1. Could you identify which residue out of Leu142, Leu43, Leu32 has the top mean-square fluctuation in a GNM of the chain using Cα springs shorter than 10 Å?
2. Considering only protein heavy atoms and a 1.4 Å probe, what is the carbon-and-sulfur percentage of the accessible area of the chain?
3. Build a GNM of the chain with springs between Cα atoms under 10 Å: which of Asp44, Asp205, Asp290 gets the top mean-square fluctuation?
4. Once every DSSP H run of n ≥ 4 in the chain is given -39500 (n - 2.57) and the sum is divided by its residues, what mean residue ellipticity at 222 nm do you get, rounded to the nearest 500 deg cm²/dmol?
5. Classify the chain as rounded, prolate or oblate, taking a ≥ b ≥ c as the square roots of the eigenvalues of its Cα gyration tensor: rounded when a/c is under 1.5, otherwise prolate if a/b is larger than b/c and oblate if not.
6. Would you mind checking which residues have amide H under 5 Å from Thr58's amide H? H placed 1.01 Å from N; only 5 or more apart, or other chain.
7. Have a look at Pro191, Pro265, Pro179 and tell me which one the Gaussian network model of the chain (Cα, springs below 10 Å) gives the largest fluctuation.
8. Around Asn124, which amide H atoms from residues at least 5 apart in sequence, or from another chain, sit under 5 Å from its own amide H, with H modelled in the peptide plane?
Amino acid sequence: MNTHELNTFLILTDKLHFGQASRACNLSPSALTRSIQRLEEELDQRLFTRDNRNVALTPAGELFKTYALRAQADWKALMNDLHDAPLISGTLSIYASITAVYSLLPSLLEAYRTAHPHVQIELNSGAAEQSVNQVLAGEIDLAVAALPDRPAGHIEFLPLTEIPLVFIAPISGEFATPPLKGKQLDLMQAPLVLPRNGLSRARLDQWMKDHAILPDIRSEVSGNEALIAMVRLGCGIGVVPQLVLERSPFRDEVQVIGNAPKLAPYTVGLCATKRSLHRPAVQAFWQQADRLPPKRTENATSQ
């Protein structure tokens with residue numbers, strides 16, 4: 001096995017979807033399958049179980065993932081040592097939503113921690129819409145945030161992934177069957193549960209303004225997790241980033257509305273002020289993230 005195959009394996013463990021992983025690796029699905037098969041033959045172990053709908057790590061796959069992460073980090077540390085990388089120390093404060101902490105940061109934090117063990121990492125979690133404000137206020141060094149439609153001039157942004165916005169409805173109850181106009185969700189008649197602010201609210205407001213729609217807003221909430229909970233309770237229909245829905249404990253208790261308006265997706269990444277990027281600990285984390293292959297999230301209705 002080689003470092004390329006280890007990286008391919010790790011991308012698949014993150015995606016758990018051969019189509020998404022093959023695009024992230026710039027490989028055809030058949031080439032990705034052959035790469036995994038070579039690893040399985042070399043180890044004489046199945047690394048994944050897969051059927052028409054699901055991909056999951058086997059116990060042997062979980063053990064090999066631990067090895068692969070360690071080997072990847074060791075390789076990067078070795079390359080740093082060979083190039084006389086300076087010792088980086090101090091503190092690094094990061095702000096991210098719970099969803100980002102669970103889905104976007106684990107491998108990046110682990111690799112960074114291995115490469116720079118003398119840096120003290122301070123990880124803060126909270127509402128996603130507060131992330132850019134935390135950076136601008138100088139309270140934290142880096143944030144995982146959605147790229148604003150009008151970024152501030154003194155903020156730097158490094159894209160990590162693109163996340164679609166999806167409309168959701170309760171599975172049962174009065175609003176389980178959304179009102180339609182023709183073949184599309186009728187936002188003139190649909191009872192809505194909306195975030196008070198943030199990009200998804202701004203994009204939905206703009207869409208409704210462009211289409212001269214006066215919305216029926218039943219509830220406004222703070223945070224995407226609260227919005228999913230309110231939709232689950234049957235309070236109305238909402239719009240959330242797909243990645244948040246995938247990580248929600250209520251994901252199986254709401255339904256994605258397939259025939260809904262198409263809103264522009266989020267571009268999510270790291271943001272920092274130009275001033276903080278001059279700090280070695282911040283700069284090293286930024287460079288670590290820049291070396292990662294871009295992640296993409298497919299439409300929630302695809303398998």
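1. Among Leu142, Leu43, Leu32, the largest GNM mean-square fluctuation belongs to Leu43.
2. Carbon and sulfur: 50 percent of the exposed surface of the chain.
3. With Cα springs under 10 Å in the chain, the top fluctuation among Asp44, Asp205, Asp290 is at Asp44.
4. One gets -12000 deg cm²/dmol as the mean residue ellipticity at 222 nm.
5. Oblate is the answer for the chain, as a/c is 1.5 or above yet b/c matches or exceeds a/b.
6. Sorted by chain and number, the residues that satisfy this are Phe48, Thr49.
7. Evaluated over the chain, the most mobile residue of the options is Pro179.
8. Residues meeting the amide H criterion: Ile94, Tyr95, Ala96.
The values are calculated or read from the model by the stated rules, or taken from the named source; none is laboratory data. Since the model is a prediction, treat every value here as computed from it, not as a measurement. Don't worry about glycine lacking a Cβ; one is built from the backbone with ideal geometry, like all the others, and counts go over all protein chains shown. Just so you know, the surface numbers come from the protein's heavy atoms only, side chains and all, with ligands and any DNA or RNA stripped out. Shrake-Rupley method; radii C 1.70, N 1.55, O 1.52, S 1.80 Å.
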